[in-house]
Structures are given as structure tokens and as C-alpha cells.
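Worksheet: one structure, shown below.
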Amino acid sequence: MNNKPWEAWSSAEVQQFQEEFLTWYQKEKRNLPWRYNQDPYRVWISEIMLQQTRVDTVIDYYYRFMDAFPTIADLAASPEEKLLKIWEGLGYYSRARNLQTAAQQILAEFNGRMPATIEKIRSLKGIGPYTAGAIGSISFKLPEPAIDGNVMRVVSRLFCIEADIAKASSRKVFDEAMRTIISHEEPGDFNQAMMDLGSSICTPTSPNCAECPIQSFCLAYKQQRQTDFPIKSKKMKPKDIYYVAGIIENQQQEFFLQQRPDSGLLASMWLFPLEEVSQARFEELKSSYTEDLNLFSNELVAEDSPLIFQEYPIVWQKKIIGEVTHVFSHLKWHILVFYGRTNETLKSSGSWVKKEDFSNFVFPKPQQKMLAVWENNQTSDNHW
């Protein structure tokens, strides 16, 4: 059997494939806000947002982002806090920072206009082969593949490709196949057709082959091996990290927030104080502080602390008010949430903030989850 089945296609077969596929796309393409025109800025923003994120989640963020930053110049000039606030909850915040850096590059190096060659598009911060292919093909009609997980799944089934899609070295196989079949007249529509097919029909576990517009070309369908593809080795399990969080309130009904360092995970964002503990200590605290006791002593004494945040003069509620987990690409955070009060100044760096002012701070998902835990535990006894 030919190890590169796409090489066996004649030019007439390639043309027929393209025509049938693009005809299906024109009838069935998704109505998405970034598809109203081929403006490269709109395409760029949408493709960055769509990385690691579902389409239905992105749509509202996209509208808000474009309202706040209608041009590349607006994005380049924005205060980082405003940018991250618009991005809040979308995750992978380095994407937003890279967008701004690239916007500043475009102003400095390309007179404020998105460059029109793949090499120059790739020179921008945060833009890799997939995003460059999407921008180049959709906005500039360059016959450049845009290869993501959806596309690799479709192409792996189309040609029974046995390369492991989890390995970076396999991308060249899919790139070669895509360059053979991509439309040179409508490369943007072709790439978007691949995305839509992978999203709606050629799905990971239950492909709807009966509705597939390229069924007659698909080797996996002909051999009844659809579920054998794509081949993908398992990712490493995220590393478990254990924390105790303190939601600390003072007599002015302000809460203590701390800002993360300006580099690394969740850079520059604000959270309730966290203290990393061992798994054994985490489980010990989890089993020791389960008493459903909401009342506090009138006298705030540090001895009431569940042996966390020892430097803080705080009286703690005698129970865990909740447990939060959050998975990053490489880490899984486990957080036990305690609630405490103080009438003294804390020595640690941070800010006292009223709840109604939280909207002025950038909160990552773990912080939003902790805040939800506290709000769900409010009773008439939980106030000064």
C-alpha cells in the first residue's frame, strides 16, 4: 500500500474533491462573527482565542474584545490591566499578552498593517504555523494549510495516516497531505471547511459518516476503520499541587488580595492568599476541619488558626468552606478554602478591597471559583 495515498490522487480527483468539499462548505458553514469579512485583524484575534477554547465560549469574548480594541493600534496602546480584564476567564493569559506584543510589532515594523506573507506573519509574537496558515489563507488567499487537531483528525481518516498526532514531528506528514489537496483558488474556505467538518461531523469518537461530504474519498470509511484514527499517544497527567486559601475580611468589610509575580503562571493577576502544602497536610486539614460551625468568637485570637498562614493575626471559621480544583495544561491545583477575619494590619504585601470593587481587578479562574465558594457559604452569621 502507498504510504502516501494522497500521491495517488490524479489532478482530476483533487479537483473533484475540492469542488464537492467547497460546495458543502458554502451550504453548511457556521455563522460566526469573525467570518463576516476577511479582515486579518479579526481573523487573527479569533484564531488566538479559539486555541484551547470552545467556539461557543469564544463568541462573547470576541465581541467584547473587538468593542474594546477595534483596531491593532487600540490593542497595542491598551493598559495591560484592561486587556487582561477583557480576557478574564478565557484562560491561557499569555495569549493576550502575546497579542499585545504582536500588535506593537505590527505598528513598529509593518506600518500598522498585518503583513501579507507567511514568513512575516510567523515573525509576530505568539503566531505559529496554524495561526499563520489561517490568516494567510483566509485574509490573503495564500495556499497555506492551517493544521490543528480537527484538521489532523479529518486528514488522518481521509488517508489512513498512522503518524502520532501528539508528536510534533508528525506535523510534516499532515502538512504534505494538505498541500496536495488544498484549493489554491479558495484556500481560506478550504481550511475553514476542514475546521467545520472536524467540529461537526468528523468528531473524535462518533463520526457521522452518513452526513460526511467527503465520504466517497475517505480511506478509513472504505476500510471501516474510522475509529482507528487519529493515532494519538496519551498526554502526561498534570502534576498535582496542593494549596490552602484564606479568604480574609476586615472590619471595613474589605478582603485581602495578593498579586501574582509579573512572570510565570497567572502573572500579575490577583488572588486570595495561597499557601502551598504537602498532599499529606492537605488531607489532614481536609479531615480535621469539617465541623459545621459558622459562629465566631467576639475576640479575634490567632490561636483559632487551623495552623495555616501563621504570620497573619486572624481568627478562622472552624470549618473548610469549600474545595476548589483547577486544571492547567501541566498542573492541577487542589485548594482548600478557609474564611477568616482580622482587625489588624497584615504584614504581607497585598491590597484590601471591597467586594464591589473586585471588578477592577483581574481574577483568574481559580480566584473566581474561590469567590463562588465564599458566596455560596454566606449566612446571617457570616458578617461583622
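The values are calculated or read from the model by the stated rules, or taken from the named source; none is laboratory data. Bear in mind that the values here come from a model prediction, so they are computed numbers and not experimental data. Positions of Cβ are backbone-derived with ideal geometry, glycine not excepted, and every protein chain shown enters the neighbour counts.
Every condition in (1) surrounded by fewer than 18 Cβ atoms within 10 Å (Cβ to Cβ); (2) in a loop (DSSP other than H, G, I, E, B) is met by LEU142 except one, and the failing one is (1).
No other residue among ILE106, ILE121, ILE86 is assigned to a helix (DSSP H, G or I), modelled with pLDDT of 95 or more and under 29 Å from PHE358 (Cβ atoms) apart from ILE86. For segment 200-251, residues that are under 30 Å from GLY322 (Cβ atoms) and of a type outside the set (A, V, I, L, M, F, W, C) total 11.
Pairs are defined by a Cβ separation below 7 Å, a sequence spacing of at least 6 or placement on different chains, a first member in segment 30-55 that is without any contact (Cβ under 8 Å) to a residue 12 or more places away in the chain, and a second member that is basic (Lys, Arg); no pair meets this definition. Of the residues making up segment 257-281, those that are part of a strand (DSSP E or B) and either surrounded by fewer than 15 Cβ atoms within 10 Å (Cβ to Cβ) or not aromatic (Phe, Trp, Tyr) (or both) are LEU257, GLN258, GLN259, LEU271, LEU274, GLU275, GLU276, VAL277.
Segment 294-382 holds strands (runs of 3 or more DSSP E) entirely within its bounds, and those carrying 2 or more residues that are aliphatic (A, V, I, L, M), farther than 14 Å from GLU249 by Cα and at pLDDT 70 or above map to 322-327, 331-341. Residues in segment 325-357 that are more than 18 Å from PHE309 (Cα to Cα) and either β-branched (Val, Ile, Thr) or surrounded by fewer than 16 Cβ atoms within 10 Å (Cβ to Cβ) (or both): THR325, VAL327, SER329, HIS330, LEU331, LYS332, VAL353, LYS354, LYS355, GLU356, ASP357.
Of the helices (runs of 4 or more DSSP H) entirely within segment 1-69, those holding at least 3 residues that are surrounded by fewer than 16 Cβ atoms within 10 Å (Cβ to Cβ) occupy 11-28, 55-68.
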